[in-house]
Amino acid sequence: MVKFQRTMVATTALAIALSQGTAFAQSADSAPADDTSAAAEIVVTGTRIPVAGLTSSSPVVSTGEQQIKLQAALTVEDFSTKLPQLSGGVRQGSQGSDAFGAQVLELRNFGQSRSLVLIDGTRATPFSFRNSADVNSIPASLIKRVDVLTGGAAAVYGADAVAGVVNFILNDDFEGMRGTATSRLSQHGGAQYGGSLMVGTGLGDRGHIVIAADYTQRDLIRAGQRDWAETPNQTIPSIGGVFTDVASGRKFGFTDSGAFTTNPSATSNISNRYPLVSPLKRINAAALFKYEITPQIEAYGRVMYNNSRTQETGTPGATPVSVNRTVSISESNPYLTDDIRNQLTFVNGAAQVNVSRSLAELGLINYETERNTLQVQTGLRGPLTGATKWNVYAQYGRSTEHTLITGDGLVTSSTGANKFDSIVNSVNIFGPNQSGIAEALGSSIEGFDRKRDQFVTAATLSGTLEELFSLPAGPIGFAVGLEYRRETASINQDTALLTGNTYRQGVQSAYSGDFDVKELYGEVLVPVLRDLPLIRKLDVGGAYRLSDYNMFGTHGTWKVEGNWEVDGNLRLRGTYQRVLRTPNFGEFAAGMSSLPFSNLVTVDRLKPRYGGDPCVLGTGDAAQCARFGAPAVGSANSTSASYLTGNYYYGGNPDIKPETGYTTTLGAVFTPRFLPGLNVTVDWYELDLRGAVGVIQPIAAITSCYVTNPTASNPLCSLVTRNADGTFKDAYVNNQNLGRLLQRGFDISASYTLHPAFLPGEGLRLSYQGNIVTSYLIQANSTVSAVQCKGTFGATCSSDGTTLVQPDYRHTAGLSWLFDKGVIQFDWQRIGKVKSSTVGSTETISAQNTFDLSASYEFTDAITFSAGIYNLFDKNPPYVSTGGVFNTFPDTYDILGRTIGFSLTAHI
């Protein structure tokens, strides 16, 4: 009832905002990123050349403060998921991820480590062992604009900008005091709420400082709160237990409610308790400053601190631990009822009993993680001459994590004795919810102490050569500089994890690593022609970066680019770049870890990595199956946990090399004078990455070995071994420079503002951002054929196992009614139809459409209210029969349902 009342309040508030008949116009930041209507000091994401009126040669999509407000955004995820170029990444619904509550961006399904996150043009602090940053550590209230540059930018920003960069521009000019309270309430349960306070003031007439603090809280959502997340096949060993008297073979057990039975069910289902959305508590604090020491020297910098506390299921999944052991039950066991005693055979005062039982009393597997992220930057900059500027800065960032694992326990004691064996006669193990089991067997495990440090220092000289000479078309722009970066990482584990002495965690490794890189870089922009027929402006440019890594050798990255403004109606642009990604710590420094192979059929997040044995299912090549000693067709259940008897081994590879590739973009910008207010951009792109670092999951290795390339020499066959009886034993998925990722497509962006005389207000704005993928080839290994992955879903076509949906079409379209003091906006997100990438599957997911309605109104100069209904028609995520998590893909589709958001801002 309370949730319903909250929803009604929020809906009423939205209706009030909509009924006012006035709203303020969208700010200029919703225009294309290369709009030059603003004043002289525009800094374009993708270059360090500070030339007034410079336009971008690369596709850049911007999201501004107003759009963030209209989404009632408390976290970056609340608005970033609307951008079609951002394919997925790790989100609030990514249960079982090793990101432990972080939000990680991913461009174009190229993997989270191939998208570089920047803050005001410099690197954000990464976390964990990957190159990715937790963008939840960036205060949403402090963001002025977010630029998404696609097509690569390694020559300008360094390694990892393969698919592109996401640049968060912070509001370092804010004046006054602003407080905001925001809530997002989901109709079917779940909420986010928080507040922020920002203060900005001048430091005399020579500087400025902005201080901001945010608090955000997100509630836990369990699977049982969403009908579509019910998983009837998600069974675990009986929570009441199944007991077999070894001597007689008699079985007995207990129902989930605790009733004794001689016909026990072997399984239970408690999946409605599993977490669907991770709870989050987050504190952000930041300070931005700049101060003119002399007219030639300005000091500037930022300090950013984030504390995030989250809970999720971690890599083993939520499933509680279980036992399947034969133990000795004493005849004097005080917990034996007459019903139990009558089923047992005692010899010399003891009965041998096989116990198959979930230890649900320990609770679900839960990773309680606290992450602290700190970044400190300071620099000096100023004019060297009237046409050149210099900039020197240094920044240090550190991310530390500590994870407490609950719901698990130690298998053996310090003396090596099995702990379950030792309690069967002193603790009641018969029936569900028995007291004493958790105290006797449960143990909090201190795991995953992770630390990342990053130090960057750079010096840049930029400007134009106009004081030396100018070409007929204008002065040459340039930027030259040098940069040093050092990164370290370490992961320490509890002894129980290192030795594998837990029920569910497998064997984890501890490791540390470091690398540094010294770099020289330069950019040039040459104006070639001006004010000629069909050539209003023609510029060409280029960039080069030479990088000397102590671990990975010396590499050069470069780009060439061109901008041709035909006239006031049409501009053409293009880039061609060589890009580079260096291995992350998990890829080159990690030791060997393992999980039970059977986790691939018992843990939702891991299920896409295994699809059964083709030899047993009847889809495999008969000669190949016989060659490797596989069981006969139909002779076993190859999707049962007992079929996967060994371990799933994964880890780093010290011999791994950097990935290299080439990106191409060709685009056109249309601003027709005959239709004022219309702006259309169309960009074709190609991303071609060679030596892509990755792993071959068992599903791909098995399919290649027994279905698509059934030859004795197929090297993928050795990645999944068999036992003497033919069942699968072990899987090996170490990182390797495997193959190639090649994607081609189009980005389309359009906006049109019109002013119909019959409509009150300032006009209507139509907007559209779309991505069309024309081809996406993934070649897992040079020995196998490339797979066409456009318009598919499933692990076969995931470049890093994170985002499992690869649509060939996405868009966000909007209609905004603009007023003097506000806006009413209707948005439409569409994700195209996809089909299963699993060989032989015919399953498809139809195109998905969701709609948002939002409004903002400025009551006074000091008070603004924004509200919205997101997923307006309460669209459920699509159902998928296999390969998903909770029957769907939370990395791509909305899992919250209809959500009401509202935000109240006071600015003085």
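The values are calculated or read from the model by the stated rules, or taken from the named source; none is laboratory data. Nothing here was measured: the structure is a model prediction, and the numbers come from that model. Cβ coordinates were reconstructed from backbone atoms using ideal geometry, including for glycine residues, and neighbour counts include every protein chain displayed.
Could you give every pair whose Cβ atoms fall below 7 Å, whose first residue belongs to the stretch 738-763 and is over 30 Å from residue 113 (Cβ atoms), and whose second residue is exposed (fewer than 15 other Cβ atoms within 10 Å of the Cβ), counting only separations of at least 6 or pairs across chains?
As it stands, the answer is 760/21; 762/820; 763/754; 763/755, since those pairs meet every condition given.
Restricting to the stretch 374-399, and then to whatever is over 30 Å from residue 603 (Cα atoms), of a type in the set (Ser, Thr, Tyr) and crowded, with 16+ Cβ neighbours inside 10 Å, can you tell me which residue is modelled with the lowest pLDDT?
388
So is residue 702 closer than 30 Å to residue 108 by Cα, assigned by TED's automatic domain parsing to the domain that holds residue 631 and among the hydrophobic types (A, V, I, L, M, F, W, C) or not?
The answer is yes for residue 702.
Hey, could you check the stretch 289-334 for residues that are more than 29 Å from residue 401 (Cβ to Cβ) and in contact with a Ser or Thr (Cβ under 9 Å, 6 or more places away or on another chain) and say which is surrounded by the fewest Cβ atoms within 10 Å (Cβ to Cβ)?
Only one residue fits best here, namely 334.
Would you list the helices (runs of 4 or more DSSP H) that sit entirely within the stretch 560-662 and hold 2 or more residues that are buried (at least 21 other Cβ atoms within 10 Å of the Cβ)?
Per the criteria, 585-588, 599-602, 614-617.
For the stretch 247-288, which residues satisfy the criterion of being among the small types (Gly, Ala, Ser), farther than 30 Å from residue 77 by Cβ and crowded, with 17+ Cβ neighbours inside 10 Å?
Residues satisfying the conditions are 253, 268.
Does any residue of the stretch 209-216 turn out to be touching an Asp or Glu at 6+ places or on another chain (Cβ under 7 Å), more than 19 Å from residue 326 (Cα to Cα) and surrounded by 16 or more Cβ atoms within 10 Å (Cβ to Cβ)? Break it down into steps so the answer makes sense when it comes.
Taking the stretch 209-216 and keeping what is touching an Asp or Glu at 6+ places or on another chain (Cβ under 7 Å), we get 210.
Pick out the ones that are also more than 19 Å from residue 326 (Cα to Cα) and you get 210.
With the extra rule that they be surrounded by 16 or more Cβ atoms within 10 Å (Cβ to Cβ), the set shrinks to 210.
Checked against the condition, which is being touching an Asp or Glu at 6+ places or on another chain (Cβ under 7 Å), more than 19 Å from residue 326 (Cα to Cα) and surrounded by 16 or more Cβ atoms within 10 Å (Cβ to Cβ), the stretch 209-216 yields at least one hit.
Here is a check on your reading of the model: is residue 62 touching an Asp or Glu at 6+ places or on another chain (Cβ under 6 Å), in contact (Cβ under 8 Å) with a residue 12 or more places away in the chain and either closer than 19 Å to residue 895 by Cα or not aromatic (Phe, Trp, Tyr) (or both)?
yes
This table checks each residue for (1) among the aliphatic types (A, V, I, L, M); (2) within 26 Å of the chain's Cα centre (by Cα).
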| site | (1), (2) |
| --- | --- |
| 423 | yes, no |
| 426 | no, no |
| 432 | no, no |
| 438 | yes, no |
| 447 | no, yes |
| 453 | no, yes |
| 459 | yes, no |
| 463 | no, no |
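Give me the pairs: first residue in the stretch 689-713 and without any contact (Cβ under 8 Å) to a residue 60 or more places away in the chain, second residue assigned to a loop (DSSP other than H, G, I, E, B) and basic (Lys, Arg), beta-carbon distance under 8 Å, and six or more apart or on different chains, which are they?
Filtered contacts from the stretch 689-713: 691/657.
Do we find a residue being assigned to a loop (DSSP other than H, G, I, E, B), out of contact with any Asp or Glu (no Cβ under 8 Å at 6 or more places or on another chain), in the same structural domain as residue 515 (by TED's automatic domain parsing) and acidic (Asp, Glu) anywhere in the stretch 136-156?
So far as the stretch 136-156 goes, no, none of its residues is assigned to a loop (DSSP other than H, G, I, E, B), out of contact with any Asp or Glu (no Cβ under 8 Å at 6 or more places or on another chain), in the same structural domain as residue 515 (by TED's automatic domain parsing) and acidic (Asp, Glu).
Quick check: anything in the stretch 520-541 part of a loop (DSSP other than H, G, I, E, B) and within 30 Å of residue 324 (Cα to Cα)?
no
Return only the number of the condition from (1) more than 27 Å from the chain's Cα centre (by Cα); (2) at pLDDT 95 or above that residue 235 does not satisfy.
Result: residue 235 passes all but (2).
Please state which of the following conditions residue 866 fails to meet, knowing it meets all the rest: (1) surrounded by 18 or more Cβ atoms within 10 Å (Cβ to Cβ); (2) in a loop (DSSP other than H, G, I, E, B).
Only one criterion in (1) surrounded by 18 or more Cβ atoms within 10 Å (Cβ to Cβ); (2) in a loop (DSSP other than H, G, I, E, B) is unmet by residue 866, namely (2).
Residues of the stretch 124-180 being farther than 24 Å from residue 663 by Cα and polar (S, T, N, Q), which ones?
125, 128, 136, 137, 141, 171, 180
Take the residues in the stretch 335-353 that are surrounded by fewer than 16 Cβ atoms within 10 Å (Cβ to Cβ) and touching a residue at least 60 places away in the same chain (Cβ under 8 Å); name whichever of them is farthest from the chain's Cα centre (by Cα).
347
Within the stretch 476-507, work out how many residues are closer than 20 Å to residue 587 by Cα, out of contact with any Gly (no Cβ under 7 Å at 6 or more places or on another chain) and not in a strand (DSSP E or B).
Going through the stretch 476-507 one residue at a time, the tally reaches 1.
Filter the stretch 886-905 for residues that are β-branched (Val, Ile, Thr) and over 19 Å from residue 188 (Cα atoms); which is surrounded by the fewest Cβ atoms within 10 Å (Cβ to Cβ)?
It comes out as 905.
When you scan the stretch 767-785, how many residues do you find that are surrounded by 23 or more Cβ atoms within 10 Å (Cβ to Cβ) and among the β-branched types (Val, Ile, Thr)?
1
Does residue 435 count as in a strand (DSSP E or B) and surrounded by fewer than 18 Cβ atoms within 10 Å (Cβ to Cβ)?
Criteria not met by residue 435.
Residue 205 - would you say it is assigned to a loop (DSSP other than H, G, I, E, B), closer than 30 Å to residue 142 by Cβ and either touching a Ser or Thr at 6+ places or on another chain (Cβ under 7 Å) or free of Cβ contacts under 8 Å to residues at least 40 places away in the same chain (or both)?
Yes; evaluated as a whole, the condition is true for this residue.
So in the stretch 778-797, with the set limited to residues that are assigned to a loop (DSSP other than H, G, I, E, B) and out of contact with any helix residue (DSSP H, G or I) (no Cβ under 8 Å at 6 or more places or on another chain), which one is modelled with the lowest pLDDT?
Looking at residues that are assigned to a loop (DSSP other than H, G, I, E, B) and out of contact with any helix residue (DSSP H, G or I) (no Cβ under 8 Å at 6 or more places or on another chain), I get 782.
If I go through the stretch 104-128 residue by residue, how many of them are out of contact with any Lys or Arg (no Cβ under 6 Å at 6 or more places or on another chain), crowded, with 22+ Cβ neighbours inside 10 Å and part of a loop (DSSP other than H, G, I, E, B)?
If we filter the stretch 104-128 for residues that are out of contact with any Lys or Arg (no Cβ under 6 Å at 6 or more places or on another chain), which is where we start, we get 104-112, 115-125.
Next cut, crowded, with 22+ Cβ neighbours inside 10 Å only: 104-112, 115-117, 119, 123-125.
Okay, now just the ones that are also part of a loop (DSSP other than H, G, I, E, B), so 105-106, 108-111, 124-125.
Of the residues in that region, 8 qualify.
What number goes with the only condition from (1) more than 30 Å from residue 879 (Cα to Cα); (2) in the same structural domain as residue 883 (by TED's automatic domain parsing) that residue 226 does not pass?
For residue 226, the failing item is (1).
With the requirement that a residue be among the basic types (Lys, Arg) and over 29 Å from the mean Cα position of the chain (by Cα), what does the stretch 178-214 give you?
Correct list: 178, 206.
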